[in-house]
Amino acid sequence: MKLLVVNNHSRHIRKILKEFKKVRVVDFKSLNKVDYDNYDAVILSGGYPLPVKYHEKEYSEEIKLIKKYKKPILGICLGFELINFAYGEKLKRQKKRTKGEISIKLISESRLFTSFPKRFKVYEAHKWIVSENKFLETLALSKDGVEAVKHPRKEIYGVQFHPEIFVKNSHTKRIFKNFIEIVNLTNNKTRK
């Protein structure tokens, strides 16, 4: 399996890469030089320098990838915000930055959250939220708003939190395993 990770200048990129065997990393500013259709899946990392809102031009290649790519995508934090933005969902800036452990609740079943309890803790670090979805399916919520989404017809998932950051009694590292299973299932269907 060939996996492409788009680095949005995440502080946690090494922790994401540690979860996978074969992976290519590309800076979001160089995405136009990559034929992403040659990869089985894409992960969009978190990031901190540029918020999605007001920087559509800088993220235009990533937004194009999200809309055109036919294989699985997992967006983390800023990647989640990019997926929501690409499909017309509204991003709102919080008055106060969210940072640290919070509790979230699953409200819809999904392969991304196979074997998860209904409630669990996650690590978050962000200034922007999505309070509700009109197009994307909402999978999980917290006191701040939407925490996880899925495209209604494609294997595109986004999580507002950081599954690569360990939280005691959390299940979030399993998200990467479940995502790889989704990728393998998708690959098997296309080969048949």
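Based on this model, can you work out whether I76 counts as surrounded by fewer than 23 Cβ atoms within 10 Å (Cβ to Cβ) and in contact with a strand residue (DSSP E or B) (Cβ under 7 Å, 6 or more places away or on another chain)? Judged against the criteria, I76 is not a match. When we screen I83, I102, I107 for residues that are of a type in the set (A, V, I, L, M, F, W, C) and under 22 Å from I180 (Cβ atoms), the only hit is I83. Note on region 3-91: enclosed strands (runs of 3 or more DSSP E) holding 1 or more residues that are of a type in the set (G, A, S) and in contact with a Pro (Cβ under 6 Å, 6 or more places away or on another chain) are 41-47.
Applying the criterion of being touching a helix residue (DSSP H, G or I) at 6+ places or on another chain (Cβ under 7 Å) and surrounded by fewer than 16 Cβ atoms within 10 Å (Cβ to Cβ) to the residues of region 100-130, the residue that is nearest to K150 (Cα to Cα) is R111. Of all the criteria given as (1) farther than 25 Å from K68 by Cα; (2) surrounded by 13 or more Cβ atoms within 10 Å (Cβ to Cβ), the one not satisfied by R97 is (2). Looking across region 107-130, the residues that are touching an Asp or Glu at 6+ places or on another chain (Cβ under 9 Å) and part of a strand (DSSP E or B) come down to K121, V122, Y123, E124, H126, W128, I129.
Note on region 137-164: residues that are assigned to a loop (DSSP other than H, G, I, E, B), touching a residue at least 40 places away in the same chain (Cβ under 8 Å) and either crowded, with 23+ Cβ neighbours inside 10 Å or out of contact with any helix residue (DSSP H, G or I) (no Cβ under 7 Å at 6 or more places or on another chain) (or both) amount to 9. Kindly indicate whether K96 is free of Cβ contacts under 8 Å to residues at least 12 places away in the same chain, assigned to a strand (DSSP E or B) and either within 14 Å of H162 (Cβ to Cβ) or out of contact with any Lys or Arg (no Cβ under 7 Å at 6 or more places or on another chain) (or both). In short, yes. Can you tell me which residue in region 145-186 is nearest to C77 (Cα to Cα), limited to those that are modelled with pLDDT of 90 or more and polar (S, T, N, Q)? Per the stated criteria, the residue is Q160.
The values are calculated or read from the model by the stated rules, or taken from the named source; none is laboratory data. Just so you know, these numbers come straight off a predicted model, no measurement behind them. All Cβ positions, glycine included, derive from the backbone under ideal geometry; neighbour counts span all protein chains shown.
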